[in-house]
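Colleague: Okay, here's the structure, questions in a sec.
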Amino acid sequence: LVACANAANLLLTRTLSRRQEFAVRVALGANRRRIVALLLSESVLLSLIATAMAFGGAHVGVTWLQAALAQSDTSPLWLRFNIGGTVIAFALGAAMLTALATGLLPALHAGAAATEDLRDGTRSVASGSFARISRILVIGEVALSCILLISVGSLVRSIVALDHADLGIDTHHLLTARIVLPTTAYATGADQ
């Protein structure tokens, strides 16, 4: 979410710096639908490429983490990491929502304010409602970053506390094993 807010802020700023270009396009006969299609295609393509790169990075990270845990003597056998369907759906949804917001908002504004932008000849980066949206996105980024930092700190503190917890038994020279029984041969009434 932090990355999506950051990308949305950067795309909005970039699109606002192209206001004069859109004004020239409108003056040359481009209608609002073409400008919307241009901005939507740019933002959706950028969003899909970024999402694919993020999934590639996540896959490499999960593979590395699984290999590191497999080599560790103290890692629990039940601890497995994977990228599930819920994570993929959430990431794609957030990416598409970001692409739609950063493509539609400036495109709808571009057609309406084209004559003023062409007449003024200014290249203001943020104006009016877009400045407010940009500030809200920055505030959201900072808030999400703080929540993420606090959550990670709490998780690390909990893991360290669990690692140093006294179990009340001597765990030295203790062997543990995991046996997975096939469900077809050992099915119970609850499994059927």
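Colleague: When the C-alpha atoms of segment 134-192 are aligned to their principal axes, what extent does each axis show, in angstrom, from largest down?
Modeller: Sorted largest first, the three principal extents are 61, 39, 15 Å.
Colleague: Further question on the same structure: Gap in Å between the Cα centre of segment 10-27 and the Cα centre of segment 143-192?
Modeller: Each part's Cα centre sits 52 Å from the other's.
Colleague: Related question: For segment 132-192, with only Lys/Arg (+1) and Asp/Glu (-1) charged at the beta-carbon, what is the dipole magnitude about the Cα centre, in debye rounded to 20? Mind showing how you got there, number by number?
Modeller: Values: 4 positive and 5 negative charges, 92 e Å.
Rounded to the nearest 20 debye, it is 440 debye.
Colleague: OK, next. Output the direction-averaged projected area (hull surface divided by four) of the convex hull of the alpha-carbon atoms of segment 1-58, in nm².
Modeller: 4.3 nm²
Colleague: Please give me the summed charge of the neighbours of Val36: other residues whose Cβ is under 13 Å from its Cβ, Lys and Arg +1, Asp and Glu -1.
Modeller: Working: positive: Arg25, Arg32, Arg33, Arg34; negative: Glu42.
Computed value for this residue: +3.
Colleague: Moving on to the next point. Return the tail of the calculated pair distribution for segment 1-98, meaning the percent of Cα-Cα pairs more than 16 Å apart. The partial results should precede the final answer.
Modeller: Details: 3212 of 4753 pairs.
Considering segment 1-98, 68 percent of its Cα-Cα pairs are separated by more than 16 Å.
Rule-based calculations on the coordinates, nothing more; no lab input. These figures come from a predicted structure and were not determined experimentally. Because the Cβ atoms are built from the backbone with ideal geometry, glycine has one as well, and the counts that use them run over all protein chains shown.
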